[in-house]
Amino acid sequence: MRDRFLFFVVFVVLFLIPTVYFGSLGGSVSDWVASYWHVNYTYGFVRRGLVGTLALPFGDVKRFAFWSTFMASILMALIFTFLTEDRRLWLLFLLSPATALHLGFDVGRYDHFNLLLMAVSLLLIKRERYLYVIPPLTALGVLVHEAYVIYAVPVLTAILWLKSKRVAILNGIVAISLVFAVVMWGNLSPQMESYLLSRPEVIPDAIEVLSAGVKDTIFSNLSYILGEVLRRPWDFLLPILILSGYTVVYLHSARDLPPYVRMSPFTGLLLFLLGYDYPRWVSIMVMLLLFLMAFSGVTVHRKVRKLSFLLMATTLLGPLGAGHYAFPILEALIFGTPPY
């Protein structure tokens with residue numbers, strides 16, 4: 001209990017470090033992220049409209065976004081400690097620019113809710129209780145953000161296959177069916193688009209993302225990457241380097257897992273085709289790898305312990321980032337550039 005409380009305190013402190021930098025709760029939630037909280041089901045079904053619908057009764061969107069994602073992140077982190085008693089994994093989870101620090105820097109993002117849904121699902125599977133609750137949780141994840149089907153669903157379905165093939169199949173059917181519905185019928189209606197664009201706090205470019213199809217999204221993303229990587233290669237390479245380090249630790253430590261379970265987190269690499277938020281995707285994948293290690297009961301392999309210490313030391317660089325830029329607070333402190 002004492003160790004878990006210490007884990008909780010350290011996680012909260014790390015999470016709040018970016019808040020201190022931004023100076024306020026509202027300032028911690030970017031205008032771009034806050035724009036999505038105004039998307040809701042008022043004018044019909046729309047993708048990513050669930051959270052905004054639940055937030056309607058509350059006034060200050062940014063403040064509500066901060067506290068709700070803060071609580072979701074704390075619960076997600078605590079569930080990690082119930083998946084494993086290995087203190088080395090606890091440290092590896094805490095001391096990373098891609099976990100607590102990243103979540104605090106990118107506070108208000110829907111990813112925080114979906115990581116919690118994934119954590120709850122893993123805990124249910126670990127304890128082999130209420131497995132039929134997982135498909136509804138998967139449905140919620142897809143409605144929160146459809147990217148859930150790319151990174152979380154393959155992991156959950158692969159693990160469920162070991163416990164209950166029936167639930168695994170049901171989970172896959174629910175995920176695929178709902179994603180199909182989101183893609184086919186989740187576009188913004190003219191009324192919803194007019195409503196959003198009429199609000200001064202909503203950024204029009206953020207809303208345009210919801211109107212883009214998969215093909216246009218991939219083309220736009222790749223075009224951006226080809227130009228941006230040449231101009232600022234470190235923003236792409238640094239997150240990839242960190243992800244590569246965690247991948248080596250994971251593959252060495254989890255090599256006894258069934259191959260399809262061991263490789264399931266790497267479907268998350270598809271995220272890089274759909275958006276140029278490289279640090280954000282790396283953060284999600286790092287947490288996926290650590291959660292799967294915790295769930296599987298493996299510990300850090302002796303051959304990669306030095307690498308693990310090196311990865312923990314990167315915490316000193318600050319948050320990995322959220323959008324296009326790697327280690328944005330460090331860069332802002334050194335060069336005086338905007339943190340977003």
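Summary of values
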{"read-out": "Helices (runs of 4 or more DSSP H) contained entirely in the stretch 136-243, each with at least 2 residues that are surrounded by fewer than 19 Cβ atoms within 10 Å (Cβ to Cβ), of a type in the set (Phe, Trp, Tyr) and modelled with pLDDT under 85", "value": "214-231"}
{"read-out": "Cβ pairs under 7 Å, 6+ apart, first in the stretch 286-313 and small (Gly, Ala, Ser), second part of a helix (DSSP H, G or I)", "value": "Ala294/Phe80; Ala294/Leu83; Ala294/Leu89; Ser308/Leu92; Ser308/Val249"}
{"read-out": "Among residues of the stretch 15-54, those that are buried (at least 18 other Cβ atoms within 10 Å of the Cβ) and under 28 Å from Val183 (Cβ atoms), counted", "value": "17"}
{"read-out": "Matching option when the condition is touching a helix residue (DSSP H, G or I) at 6+ places or on another chain (Cβ under 7 Å) and among the small types (Gly, Ala, Ser), among Ser189, Ser220", "value": "Ser189"}
{"read-out": "Sole exception among (1) surrounded by fewer than 17 Cβ atoms within 10 Å (Cβ to Cβ); (2) in contact with a Phe, Trp or Tyr (Cβ under 9 Å, 6 or more places away or on another chain) for Leu311, by number", "value": "(1)"}
{"read-out": "Total residues in the stretch 59-109, condition touching a residue at least 60 places away in the same chain (Cβ under 8 Å) and among the acidic types (Asp, Glu)", "value": "2"}
{"read-out": "Failed item in (1) in a loop (DSSP other than H, G, I, E, B); (2) buried (at least 24 other Cβ atoms within 10 Å of the Cβ), with Ser121 passing the rest", "value": "(1)"}
{"read-out": "Residues that are assigned to a helix (DSSP H, G or I) and either over 17 Å from Val107 (Cβ atoms) or at pLDDT 80 or above (or both), drawn from the stretch 318-335", "value": "Pro328, Ile329, Leu330, Glu331, Leu333, Ile334, Phe335"}
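The values are calculated or read from the model by the stated rules, or taken from the named source; none is laboratory data. Because the structure is predicted, anything quoted here is derived from the model rather than measured. Every residue, glycine as well, gets a Cβ built from its backbone with ideal geometry; the counts of neighbours run over all protein chains shown.
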